[in-house]
Amino acid sequence: MTAPHLLVPVPIPDRVAALIGSCTPPHVLRAEFEAVCAAREVRRFRGPLLCVEDRADREQALSDLARANKVLAAHHPALPVRPGGPC
């Protein structure tokens with residue numbers, strides 16, 4: 001049996017990604033893109049010494065991530081993106 005943390009990520013060829021994308025509803029693809037961008041933005045604002053503007057930007061990114069994850073979770077429970085997860 002293989003442990004999930006020992007699996008090596010394998011790149012998906014562009015044609016396979018396009019085929020997968022063509023089978024997925026457009027609003028789910030849009031939500032996935034927004035979730036990945038928001039998760040990347042959340043990771044930018046780390047640490048306890050953030051200024052007020054950075055904290056507000058982080059909260060906005062978390063809000064965007066939650067909104068996109070709601071759409072992703074409605075489509076499939078395994079799709080939501082975590083702020084600290086891989087992109």
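The values are calculated or read from the model by the stated rules, or taken from the named source; none is laboratory data. For clarity, every value in this text was computed on a predicted model and none was experimentally measured. Note that we place each Cβ from the backbone using ideal geometry, even for glycine, and neighbour counts take in every protein chain shown. Accessible surface areas use protein heavy atoms only, side chains included; no ligands, DNA or RNA. Shrake-Rupley method; radii C 1.70, N 1.55, O 1.52, S 1.80 Å.
Points worth noting:
- Whole-number percent relative contact order across the chain, with pairs defined as alpha carbons under 8 Å at least 6 apart: 33 percent
- Sites residue 24 and residue 66 - FRET efficiency at Förster radius 22 Å, r taken between beta-carbons, to 0.05: 0.60
- Between the residues 10, 29, 65, the greatest Cα displacement towards the positive end of the dipole of the chain, with unit charges on the Cβ of Lys, Arg, Asp and Glu, is found for 10.
- Length-normalised contact order of region 25-75 in % [C-alpha pairs under 8 Å, at least 6 apart]: 56 percent
- Correct choice for Cα extents along the principal axes in Å that was computed from the model, options (i) 43, 33, 23; (ii) 51, 37, 23; (iii) 62, 22, 21: (i)
- Under the membrane-span-like helix rule (DSSP H runs whose alpha carbons stretch at least 15 Å along the helix axis, mean Kyte-Doolittle hydropathy -0.5 or higher), the chain yields 26-44.
- For q = 0.13, 0.24, 0.30 Å⁻¹, Debye-computed log10 I/I(0) when each Cα of region 25-75 counts as one equal scatterer: -0.33, -0.79, -1.04
- Neighbourhood charge, 12 Å Cβ-Cβ cut-off, centred on residue 39 and excluding it, Lys, Arg +1 and Asp, Glu -1: +1
- For region 39-80, the dipole from Cβ point charges (+1 on Lys and Arg, -1 on Asp and Glu) about the Cα centre works out to 180 debye, to the nearest 20.
- Average accessible surface for region 27-87: 72 Å² per residue, computed with a 1.4 Å probe over protein heavy atoms with every protein chain in place.
- Split the accessible area of region 1-72 by element, probe 1.4 Å, and carbon with sulfur accounts for 62%.
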